Number of protein chains: 2
Amino acid sequence: MADPKAETKPDTKSRILDAALALFNERGSANVSTNHIAEALGMSPGNLYYHFRNRAEIVRGLFQRIMAAWAANYALPAGKAPTFRTMDTMAAGNFDIQWQYRFFFRDLTMLLAADADLAAQYRTNRDSGMANTQALLRHFASAGLMAPADKRTLEEITQLLWLVGDFWLVFRDAGGGEPAEADMDQGVRLFRRILAPHIIRDKSK
Amino acid sequence: MADPKAETKPDTKSRILDAALALFNERGSANVSTNHIAEALGMSPGNLYYHFRNRAEIVRGLFQRIMAAWAANYALPAGKAPTFRTMDTMAAGNFDIQWQYRFFFRDLTMLLAADADLAAQYRTNRDSGMANTQALLRHFASAGLMAPADKRTLEEITQLLWLVGDFWLVFRDAGGGEPAEADMDQGVRLFRRILAPHIIRDKSK
């Protein structure tokens, strides 16, 4: 019989990413060194460097996880037309991911400025994500769920959704007080507030 | 006859703030030390420290300027009722200020985390600013310019306006490419996009 422990034990790379994520979220990524991460794991710095050459590589490893979570979150349900409920679910999923990886959104400007590779990945991902959002809005319009809108209107609604989608937590943080996972619900309501005036038939209700 | 040069020459404190602003905007505030600022002015570090004890005091000095610029921008015109044109003008002014002090908005999370006094000032200012925005929206509703809206709707429109108002440049930056002052015009259009569905009579047209 196979040892179930051996099968489910996370590998060292994953354990390093998990520990880094917890410390980055708690202290901000700029205040956490690779030595802090190794220390939290009871691991020698040399062992950590065997897996990740520097902190930037760890951040990139966490961004790979974010992108995988986004890809799963934004995959359209197979075999049925998307509704506003689909979009609500995507919005809720987006804010869950944002909460889980909150260091990334808080430190975004600094992280992108410090790592051109990361910036390029983020931008490619955002460009294709915004194109997908526009395609979804065009689908809603052609399915009679949303009022027909010209190209610029769709572009601007998409910009607003993405601005809220990427920066709601940062905005919430800047207002002070301890942010909570429940604050992410307000992000979903802001998505709805942007869309509400354009909705003409809402099958999700 | 008084020497006009002596009267208009900016004082040393102002010159330090001007130089710091230029360097912060160009390199990010985290990458600029008080020594860099003194060097840019051809000033001894000791002379700079006579005016500002550390970089945090310089940032606070620049935030005083931002608050003064905001106060002038958001003062309602005396003796006449505000219209949506008033709000467009305020939005344009807001984004001009954001562009002029762009380091502050780019580095906001880090700056507020590093300085509790600055964070308290920012929050007091934001709270009263958001209350003013809601009062303006209530005025528009009672003047028949905007559809009547419940408390939560007004709160959420205000949150959206402020989110765009504080983070449009950061969102634009994260998308890559060199941002330009003209990009701020798109921020004004996003303000209009948030408000447009609620406007029922627009005297500014």
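No value in this document is a laboratory result; all are computed from the given coordinates. Please read all numbers here as calculations on a predicted model, not as lab measurements. Glycine also receives a Cβ, built like all others from the backbone with ideal geometry; neighbour counts cover every protein chain displayed.
Does the stretch A:24-145 classify as rounded, prolate or oblate by the C-alpha gyration tensor (a ≥ b ≥ c root eigenvalues; a/c under 1.5 gives rounded; else a/b over b/c gives prolate, otherwise oblate)? Judged from the Cα gyration tensor, the stretch A:24-145 comes out prolate (a/c at least 1.5, a/b above b/c). Relative contact order of chain A: 23 percent, from C-alpha pairs under 8 Å at least 6 residues apart in sequence. The stretch A:160-189 and the stretch B:41-98 have Cα centres separated by 25 Å.
Looking down the axis that turns chain A into chain B, the chain A residue with its beta carbon nearest that axis, and the gap rounded to whole angstrom, comes out as A:Pro197, 1.
When the Cα gyration tensor is reduced to axis lengths a ≥ b ≥ c, the ratio a/c is 1.5 or higher for the stretch A:84-205, and with a/b not above b/c it is classed as oblate. Please arrange A:Val59, B:Val164 by counting, for each residue, the other beta carbons lying within 10 Å of its beta carbon, fewest first. Fewest-to-most Cβ neighbours within 10 Å comes out as A:Val59, B:Val164.
Neighbour counts of other Cβ atoms within 10 Å put B:Leu137, B:Leu112 in the fewest-to-most order B:Leu112, B:Leu137. The aspartates and glutamates within cross-link reach of B:Lys13, meaning a Cα-to-Cα straight distance under 13 Å and a gap of 8 or more places when in the same chain, are B:Glu57.
For the protein assembly as shown, the square roots a ≥ b ≥ c of the C-alpha gyration tensor eigenvalues yield an a/c of 1.5 or more together with a/b not exceeding b/c, which makes the shape oblate. Each copy carries a label point for A:Ala75 at 7 Å from Cα along the beta-carbon vector; from one copy to the others these points are 5.8 nm apart, nearest first. Positive-end ranking of B:Leu23, A:Met184, A:His198 along the dipole of the protein assembly as shown, with charges on Cβ about the Cα centre, is headed by A:His198. With the label put 7 angstrom out from Cα along the Cα-to-Cβ vector, A:Ala135 ends up 4.8 nm from the copy partners, going from closest to farthest. Shown for A:Ala182: label points 7 Å from Cα along the beta-carbon vector, and their distances to the equivalent points in the other copies, 4.8 nm in ascending order. Please name which of B:Asn94, B:Ala174, B:Met146 has its Cα lying farthest along the dipole of the stretch B:63-198 towards the positive end, using unit charges on Cβ (Lys, Arg +1; Asp, Glu -1) and the Cα centre as origin. Final value for the positive-end residue is B:Met146. Net charge dipole, the protein assembly as shown: roughly 1100 debye, given to the nearest 20, about the Cα centre with Cβ charges of +1 for Lys and Arg and -1 for Asp and Glu. Taking one quarter of the surface of the C-alpha convex hull of chain A gives a mean projected area of 15.1 nm². Summing Cβ point charges (Lys, Arg +1; Asp, Glu -1) relative to the Cα centre of chain B gives a dipole of roughly 600 debye.
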